[in-house]
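What follows is a short report on a single structure.
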Amino acid sequence: MPDRLKKYREMRDFAQTPEPAGGKPKSKVKLPMFVIQKHAATRLHYDFRLEMEGVLKSWAVPKGPSYDPTQKRLAMMTEDHPYDYGSFEGVIPEGNYGAGNVIIWDTGEWEFIEPGDDPVKAVQQGKLAFRLYGKKMFGEWALVKMKGRSPKGNEWLLLKHRDKYANANVDVTEVAPRSVVSNLDVDEIGGERTWISNRPASSRRTP
């Protein structure tokens with residue numbers, strides 16, 4: 001069985017960063033987990049992660065998600081992350097890959113919709129539709145791979161489907177900027193906060 005976290009581990013010095021090295025088993029809940037981490041690295045972006053095959057498939061979304069179905073948000077596919085990265089909130093020290101502050105902007109469960117009945121195959125084919133059940137993110141969404149745009153072949157689009165949650169008048173990243181775990185914004189996370197997990201999340205749903 002391939003080591004899906006090989007690239008992730010090669011890019012990090014775990015003696016220097018509080019990020020998890022991996023190893024926690026996959027979730028045993030009925031639906032798999034999703035997490036969106038607001039990451040103030042060289043450039044602020046949102047790391048969108050879906051639990052799949054025991055790891056977190058990951059995309060970096062520079063502008064964050066939008067409830068406006070007309071907005072096509074660039075999502076750069078990155079290396080798979082370990083399952084326990086989904087509870088990471090803190091500071092990646094300077095000099096390490098991805099250095100900067102990280103908060104858990106949203107988390108919850110996700111449900112595969114289409115195409116077919118295999119989400120892994122859907123990702124391989126470049127189109128994945130799903131429902132999110134989070135505190136801020138819910139309803140139907142899609143990730144669609146862009147063809148011929150990047151030599152790395154890692155450019156995708158994050159799209160909102162037209163459903164009852166679609167809303168062109170609300171910027172969810174502006175109205176709900178804080179962590180659902182600590183209620184802190186990304187610039188409020190201090191050096192002492194290197195690992196925050198298993199705390200009650202806010203029950204407020206947005207929008």
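Yes/no per residue for (1) in contact (Cβ under 8 Å) with a residue 24 or more places away in the chain; (2) in contact with a Lys or Arg (Cβ under 7 Å, 6 or more places away or on another chain); (3) more than 18 Å from PHE130 (Cβ to Cβ):
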site	(1), (2), (3)
PHE34	yes, yes, no
HIS39	yes, no, yes
SER58	no, yes, no
ARG73	yes, yes, no
GLU79	yes, yes, yes
PHE88	yes, no, yes
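For region 128-154, taking the residues that are in contact (Cβ under 8 Å) with a residue 12 or more places away in the chain and basic (Lys, Arg), the one that is farthest from GLY86 (Cα to Cα) is identified as LYS147.
Given the options ALA122, ALA129, name the one that is part of a helix (DSSP H, G or I) and at pLDDT 95 or above.
So the residue among ALA122, ALA129 that is part of a helix (DSSP H, G or I) and at pLDDT 95 or above is ALA122.
Within region 140-154, if we keep just the residues that are closer than 23 Å to ASP106 by Cβ and surrounded by fewer than 18 Cβ atoms within 10 Å (Cβ to Cβ), the residue that is modelled with the lowest pLDDT turns out to be ASN154. Whether a residue is modelled with pLDDT of 55 or more and at positive phi was assessed, and ASN183 passes this test. Among the residues of region 87-117, those that are at pLDDT below 95, charged (D, E, K, R) and not in a strand (DSSP E or B) comprise GLU94, ASP117.
All conditions but one from (1) within 17 Å of TYR67 (Cα to Cα); (2) modelled with pLDDT under 95; (3) not aromatic (Phe, Trp, Tyr) apply to GLY134; the one that does not is (2).
Is there a residue in region 102-109 that is free of Cβ contacts under 8 Å to residues at least 60 places away in the same chain and either under 17 Å from MET33 (Cα atoms) or under 15 Å from the mean Cα position of the chain (by Cα) (or both)? No, region 102-109 contains no residue that is free of Cβ contacts under 8 Å to residues at least 60 places away in the same chain and either under 17 Å from MET33 (Cα atoms) or under 15 Å from the mean Cα position of the chain (by Cα) (or both). Just to verify a result, which residue in region 108-139, among those that are among the aliphatic types (A, V, I, L, M) and surrounded by fewer than 16 Cβ atoms within 10 Å (Cβ to Cβ), is farthest from ARG73 (Cα to Cα)? Only one residue fits best here, namely VAL120. Please verify whether VAL175 is at pLDDT 95 or above and within 16 Å of the chain's Cα centre (by Cα), treating the condition exactly as stated. Against the criterion (at pLDDT 95 or above and within 16 Å of the chain's Cα centre (by Cα)), VAL175 does not qualify.
Scan region 145-163 for residues that are out of contact with any strand residue (DSSP E or B) (no Cβ under 7 Å at 6 or more places or on another chain) and not small (Gly, Ala, Ser) and report the count.
Matching residues across region 145-163 total 4.
The values are calculated or read from the model by the stated rules, or taken from the named source; none is laboratory data. What you see is a predicted model, and the numbers here were worked out from it, not measured in a lab. Note that we place each Cβ from the backbone using ideal geometry, even for glycine, and neighbour counts take in every protein chain shown.
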